[in-house]
Every structure is written in C-alpha cells, then in structure tokens.
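I have placed the structure first, in the form of structure tokens, so that the comments after it can refer back to it.
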Amino acid sequence: MAGSTGNTPDAEALSTLKHDIKNQLSNITLAIEGLRFELEDTPGDFALYIDSVRQSAKKIDSLLDVIQAEEQE
C-alpha cells in the first residue's frame with residue numbers, strides 16, 4: 001500500500017482497502033440476489049451454494065466493521 005510504513009498500513013491506506021473490499025462485496029451480494037431471483041425455482045444444492053456465498057460475504061463485511069471499530073479506539 002502506498003501510504004504504509006513497514007508492515008502496518010496507515011489509517012488512510014486501511015480505510016481505502018476497507019472501502020474497496022466493501023464495494024466488491026456489494027457487487028457480489030447484488031449478483032447473488034439476482035441469481036436467487038432468476039433461479040428461485042431451482043431445487044437442491046444450488047440454494048445451499050448461493051446461501052453459503054451470501055453468508056461468507058456477510059461475514060467478511062462484519063469483519064471489516066470490527067476493523068473500523070478498532071480504529072476508533
């Protein structure tokens with residue numbers, strides 16, 4: 001990262017990284033919801049796979065929120 005010193009990124013670089021990751025998670029979430037809508041009648045494992053990806057995206061998003069909370073301390 002451009003603004004980092006040593007192995008620890010500075011606050012601006014960390015904020016930029018979090019923002020970029022959250023933007024990509026939004027794209028993933030929108031795509032998942034689109035797939036769920038388009039293929040809502042698809043039985044079996046498909047729903048399980050979609051839910052797994054959705055839950056993983058939510059988990060990553062919540063981990064990023066923890067980083068934000070730690071920055072403010």
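The values are calculated or read from the model by the stated rules, or taken from the named source; none is laboratory data. Since the model is a prediction, treat every value here as computed from it, not as a measurement. In this analysis, Cβ positions are derived from the backbone assuming ideal geometry, glycine residues included, and neighbour counts consider all displayed protein chains.
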Test: residue 54 is at pLDDT 90 or above, in a helix (DSSP H, G or I) and basic (Lys, Arg):
yes
Quick check on my filter: what residues within region 21-43 are of a type in the set (D, E, K, R) and closer than 15 Å to residue 55 by Cα?
22, 33, 36
What is the residue count in region 4-16 for residues that are in contact with a Leu (Cβ under 9 Å, 6 or more places away or on another chain) and in a helix (DSSP H, G or I)?
0
Could you tell me which residue of region 28-51 is modelled with the highest pLDDT, considering only residues that are loosely packed, with under 11 Cβ neighbours inside 10 Å and in a helix (DSSP H, G or I)?
30
